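Participant: One structure follows; several queries about it will come next.
The values are calculated or read from the model by the stated rules, or taken from the named source; none is laboratory data. Keep in mind that this is a model prediction, so the values were computed, not measured. Cβ placement follows ideal geometry from the backbone for every residue including glycine, while neighbour counts extend to all protein chains displayed. In case anyone asks, the SASA skips ligands and DNA or RNA and just uses the protein heavy atoms, side chains included. Shrake-Rupley method; radii C 1.70, N 1.55, O 1.52, S 1.80 Å.
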Amino acid sequence: MADLAALNDDGLRQVRDSHLQRLAGMFSGRHGPNVFVLCGVKGIGQSNLYTEPEKWIAEALDDLASRADAVRDPHVFRPLSINPWPYGVHFVDTLFGAHVYELQGEKENWQAEYLRRPVGELAVPDIEAHPSFRLARRLAEAFVEARVTVPFFAPPILSSPLNIALNLFGQEFLLAMLSEPDDARRDLRVITDTIRWLHAWFQEHVPFDQLQMIAPSGRMQPPGHGQICGCSTQMLSPEQYDEFVLPLDREILGQYTGGLIHLCGSHSQHIPTWRSMAELRAVQLNDRAAEDLALYFEGLRPDQMLYVNPCDGMPVNKIVDITGGQRTVIVGNVCEPMRVRTEMERKGGAIRQGLPPWGKRCEGCHAPGCRHRLPTGGTMPGVT
């Protein structure tokens, strides 16, 4: 059993807060000399999360205490966090009566069956009486009662209205958006109100400076920021997203000082909408979404942050070539400090990647981040 005193250590808290202050500065348009790298430490319990949640939290804290010195890294932000994921991405689904089950032979691979009712008849859940919420409440209360100050706590995956609607109804919900739009809006409203209630509960019961959202080890934001999951937005046109989903996503992030959207697919059609979304302070890109980093860097506002998980299609060197380290959080165990590039150096890196170095739009295709390379030393007619 590790000494939990490490989780109240003033020195660790000071190092943690210095990284947080730099991150907050980046959200305000300031960056340090080096590229910001985030690679947090997540505490894991060994007991059954579902039957012994308090014991699981105690073990997870013990796990963190044994690795607490990772926080002292002066170059990489390695925040400690507790982030239990009961029912994975289907936690909210359980509140609506969905049958959620573990895939046979694959521990913690949670799946959900679609509801056997039509879109438009989703029942408002009794959240406080539901076993899933009671489990989440016990987990949060156990963390708070431990009275540790260095680690962060993240609730279960609270997802987003569209993600949950598709979890509950599958393709029938997409069809309803076309054929029965009022029914689709009605169920999205019920889902949104449920998600907002959950956010409000955790905001009230977890200390402000320790509350984060899902996966803080790779999506840590300055305290007071929220998060939504945008996975399923790739299935919508910009017009559908603007009509059905955008106001609801804005409501959720509006409960905070703005926040982040997680993206993992092909979502770039929504960049103009997200650029105008005042509540959206950051995007987190992994897998397929990370390959479109140049589009997000050039198409979003200069005050919107980019969290990027390196992958085969977007290695670290390419990330830095595209952004120069500006507005960028690289998520991963990148130990060698990398200097933030000047704008001139960033333009040179963009040219090496075959991208327009000025981050402007070409009148030939009107697409942000088009791949029409500008001749070295010259200009392309029509660049605005």
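Participant: Scan (1) surrounded by fewer than 21 Cβ atoms within 10 Å (Cβ to Cβ); (2) in contact with a helix residue (DSSP H, G or I) (Cβ under 7 Å, 6 or more places away or on another chain); (3) more than 27 Å from residue 70 (Cα to Cα) for the single condition residue 228 breaks and write down its number.
Facilitator: Unmet condition: (1).
Participant: Quick one: which of 123, 98 is assigned to a loop (DSSP other than H, G, I, E, B) and over 23 Å from residue 262 (Cβ atoms)?
Facilitator: 123
Participant: Could you tell me whether any residue of region 307-316 is over 14 Å from the mean Cα position of the chain (by Cα) and within 18 Å of residue 236 (Cα to Cα)?
Facilitator: Among the residues of region 307-316, not one is over 14 Å from the mean Cα position of the chain (by Cα) and within 18 Å of residue 236 (Cα to Cα), which makes the answer no.
Participant: State whether one or more residues within region 180-187 are open to solvent by less than 10 Å² (accessible area, probe 1.4 Å), more than 18 Å from the chain's Cα centre (by Cα), at pLDDT 95 or above and closer than 23 Å to residue 279 by Cβ.
Facilitator: For region 180-187, residues open to solvent by less than 10 Å² (accessible area, probe 1.4 Å), more than 18 Å from the chain's Cα centre (by Cα), at pLDDT 95 or above and closer than 23 Å to residue 279 by Cβ: present.
Participant: So the check is Cβ under 7 Å with 6+ separation or different chains; which pairs have a first residue in region 223-245 that's farther than 9 Å from residue 162 by Cβ and a second one that's among the charged types (D, E, K, R) and surrounded by fewer than 19 Cβ atoms within 10 Å (Cβ to Cβ)?
Facilitator: Listed by first residue and then by second, the contacts come to 223/209.
Participant: Among the listed residues 165, 140, which satisfies the condition of being touching a His at 6+ places or on another chain (Cβ under 7 Å) and at pLDDT 95 or above?
Facilitator: None of the other options fit; the residue is 140.
Participant: Can you tell me which residue in region 258-272 is surrounded by the fewest Cβ atoms within 10 Å (Cβ to Cβ), limited to those that are touching a helix residue (DSSP H, G or I) at 6+ places or on another chain (Cβ under 6 Å) and not aliphatic (A, V, I, L, M)?
Facilitator: 266
Participant: Give me a count of the residues in region 42-66 that are touching an Asp or Glu at 6+ places or on another chain (Cβ under 8 Å), of a type in the set (Gly, Ala, Ser) and without any contact (Cβ under 8 Å) to a residue 40 or more places away in the chain.
Facilitator: Total satisfying the criteria: 2.
Participant: Which number in (1) open to solvent by 20 Å² or more (accessible area, probe 1.4 Å); (2) over 24 Å from residue 133 (Cβ atoms); (3) out of contact with any strand residue (DSSP E or B) (no Cβ under 8 Å at 6 or more places or on another chain) marks the one condition that residue 65 misses?
Facilitator: So residue 65 meets the others, but not (1).
Participant: Which one is modelled with the lowest pLDDT, of the residues in region 99-124 that are among the hydrophobic types (A, V, I, L, M, F, W, C) and either within 21 Å of residue 85 (Cα to Cα) or surrounded by 13 or more Cβ atoms within 10 Å (Cβ to Cβ) (or both)?
Facilitator: Step by step, filter region 99-124, then rank; the result is 103.
Participant: Return yes when residue 307 is more than 16 Å from residue 346 (Cβ to Cβ), open to solvent by less than 10 Å² (accessible area, probe 1.4 Å) and hydroxyl-bearing (Ser, Thr, Tyr) and no when it is not.
Facilitator: The answer is yes for residue 307.
Participant: So which residues in region 3-14 are surrounded by 18 or more Cβ atoms within 10 Å (Cβ to Cβ) and under 24 Å from residue 307 (Cβ atoms), if there are any at all?
Facilitator: Passing the criteria: only 12.
Participant: Next question. Which count do you get for residues in region 336-350 that are in a loop (DSSP other than H, G, I, E, B), loosely packed, with under 15 Cβ neighbours inside 10 Å and modelled with pLDDT of 80 or more?
Facilitator: So the count comes out to 2.
Participant: Being part of a loop (DSSP other than H, G, I, E, B) and among the aliphatic types (A, V, I, L, M) is the filter; apply it to region 126-149 and report the residue that is most open to solvent (accessible area, probe 1.4 Å).
Facilitator: Ranking the candidates gives 146 first.
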